[in-house]
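Visitor: Take a look at this one; I'll ask things after.
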Amino acid sequence: MSDWLRARFALRPWWMNLMMLFCAYMAFIYVPWDFLVKDVALDEEVWFGVRFHGRAAKALEIPHGIVYALGAIGFWRMHRLMHPWASLYLAQVAFSFAVFPWLYHADLPLAARLASSLIFGALFGALTWLIWRSKPLFGAPPPPAGSD
């Protein structure tokens, strides 16, 4: 079993394995808990840097869960459709992190908002670039039959 798992993880770079594991955690643990257990009054979701609360946030958890599930499965199988879609989603996340402090943290000093925008925007921008440049990895021949 460990040789099989090691071979599966060898299909992608370490940072992509981390992204795959993060997607799996979000899709199969966090989002279901958030959707089924968390009180509606406490719920928040962010898309394109805009924060949603309550029932709107609850409704937006469904597409978030779908995106994460597709990401986990797509990275696991290195599906050809992950490029460009994973890059586009990560670009949206980078944009969200760059915009969010300016929309919701006016109480912070200008330097703190700027640093937050630049640091997190650059981090997710770098991930976007890495995924974009990884196109040759996606759609590679699948592992031998019976390995899924």
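Just so it is clear, none of the values below were taken in a lab; they were calculated from the coordinates. In this text, all values refer to a predicted model and were calculated from it rather than measured experimentally. Please note: Cβ atoms are built from the backbone with ideal geometry, for glycine as well, and neighbour counts cover all protein chains shown.
Visitor: Highest GNM mean-square fluctuation, the chain, Cα pairs closer than 10 Å: which of Gly54, Gly65, Gly74?
Guide: Fluctuation is largest for Gly54.
Visitor: Under a point-charge model restricted to the Cβ atoms of Lys and Arg (+1) and Asp and Glu (-1), what is the dipole moment magnitude of the chain relative to its Cα centre, in debye to the nearest 20?
Guide: The dipole magnitude comes to about 520 debye.
Visitor: While we're looking at this one, here's another question. Indicate the helices, whole DSSP H runs only, in the chain that combine a mean Kyte-Doolittle hydropathy of 0.0 or more with a Cα extent along their long axis of 18 angstrom or more.
Guide: Helices meeting the span and hydropathy rule in the chain are 54-77, 82-104, 110-133.
Visitor: Specify the inter-centroid distance of segment 94-119 and segment 1-62, based on alpha-carbon positions, in whole Å.
Guide: Using only Cα atoms to place each centre, the spacing works out to 23 Å.
Visitor: Compute the signed sum of charges (Lys and Arg +1, Asp and Glu -1) over the other residues within less than 12 Å, Cβ to Cβ, of Asp34.
Guide: -3
Visitor: Per the helix-only calculation at 222 nm, which mean residue ellipticity applies to the chain, given -39500 (n - 2.57) for every DSSP H run of n ≥ 4 and division by its residues, nearest 500 deg cm²/dmol?
Guide: -22000 deg cm²/dmol
Visitor: Here's a follow-up. Could you tell me the relative contact order of the chain? Use alpha-carbon pairs under 8 Å, at least six residues apart, and round to a whole percent.
Guide: Rounded, it is 25 percent for the chain.
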